[in-house]
Amino acid sequence: MPIIEGYYLVLGGGKIGSDFARYAKEKSFPFVVIIDVDESAKATNSSVSVDREELFSLIKDFHKSKPISHSVYFHCMDVRNVPDILKIGIPEFIIPAVPTHAVVNMAIDMFGSVSSGNLISAVQIDENDEKMIAYFNDILSLLPENIVVFSSLKDGVVMFSYAKMGEICPDNCMGPAEYCYNFKREKPETITAYARKLIPSYKGWVFESFQMKSGIGGIRGIDFKEHMLSLMEHVKSVNEKRDSCSIEDRVFFIATTCNCHGIMNLLEVR
């Protein structure tokens, strides 16, 4: 799966996806693909709609430096089917613009198997599972309380933000690393840095979202590819010794973060 420079994949065609489409045209981005499960999503107003066969052909042509007619395309599909697109090539940037943890959804589906179903899954922590409860609470204890805006023990989810509950960041914010000018707040470290500090103690992968424009971030394709290959090796290793696996071997986290915000999910190798 090669990295295709100049190719941007936007997951979601609503407000953010539509905004990025306009921005991409203004800045003359070479090739943008927007996907959304809603065939009448807002982004369709500023893009050319194509079917699956046309989309695959466009990606292959762009990768081979063949000319394409337009710069922004829309394809109606569920974000969970993105792995089908990634088989052709990895975009230079992946821009999550859906109200779910897109990287987690993609990871679960990328590690799917016809014979055994998904090889990894999001955890569901039972109230009587003392080991999992302790595992989750230990992770929380390593995070500053002022950046944790929501956590769900049952679902193994933690949401981070330098904005407090009820505070809304302006659309034109570039998310500076050290200080929040909107809420006049010091930021000793970025949310990405805090999430990465967990890795020496807990198995995990942090997908950093870089500012593409005000209010919109993207994950570098090369980072996405490296993390997924590393996760693949981990899943393979756990499967090979699954009879003797501890919770520390089996459970891991995936986080998507930027300077100011982030979300983390606990997952497990099944």
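Among the residues of segment 110-118, none qualifies, meaning not one is open to solvent by less than 50 Å² (accessible area, probe 1.4 Å) and modelled with pLDDT of 90 or more. Among all positions in segment 190-209, there is at least one residue which is among the small types (Gly, Ala, Ser), modelled with pLDDT of 95 or more and part of a strand (DSSP E or B). Just so you know, in segment 4-28 the residues that are at pLDDT below 95 and among the aromatic types (Phe, Trp, Tyr) include one that is least open to solvent (accessible area, probe 1.4 Å), and it is Phe20. In the set (1) open to solvent by 30 Å² or more (accessible area, probe 1.4 Å); (2) in contact with a helix residue (DSSP H, G or I) (Cβ under 8 Å, 6 or more places away or on another chain); (3) modelled with pLDDT of 95 or more, Lys225 fails one condition alone, (2). Among the conditions (1) buried (at least 18 other Cβ atoms within 10 Å of the Cβ); (2) among the aliphatic types (A, V, I, L, M); (3) under 17 Å from Ala255 (Cβ atoms); (4) more than 17 Å from the chain's Cα centre (by Cα), Ala107 misses just one, which is (4).
Among the numbered conditions (1) within 30 Å of Val238 (Cα to Cα); (2) loosely packed, with under 15 Cβ neighbours inside 10 Å, the only one that Phe183 does not meet is (1).
Among the residues in segment 153-170, are any under 30 Å from Ile4 (Cα atoms), aromatic (Phe, Trp, Tyr) and in contact (Cβ under 8 Å) with a residue 60 or more places away in the chain? There is no residue in segment 153-170 that is under 30 Å from Ile4 (Cα atoms), aromatic (Phe, Trp, Tyr) and in contact (Cβ under 8 Å) with a residue 60 or more places away in the chain.
Looking across segment 228-252 at every residue that is among the polar types (S, T, N, Q) and either open to solvent by 100 Å² or more (accessible area, probe 1.4 Å) or touching a residue at least 24 places away in the same chain (Cβ under 8 Å) (or both), the one that is farthest from Met132 (Cα to Cα) is identified as Ser230.
The values are calculated or read from the model by the stated rules, or taken from the named source; none is laboratory data. Everything quoted here is computed from the prediction, not taken from an experiment. Cβ sites come from the backbone with ideal geometry, for glycine too, and all protein chains shown count toward neighbours. The protein model used for the area step is the full one, side chains on, heavy atoms only, and it has no ligands, DNA or RNA in it. Shrake-Rupley method; radii C 1.70, N 1.55, O 1.52, S 1.80 Å.
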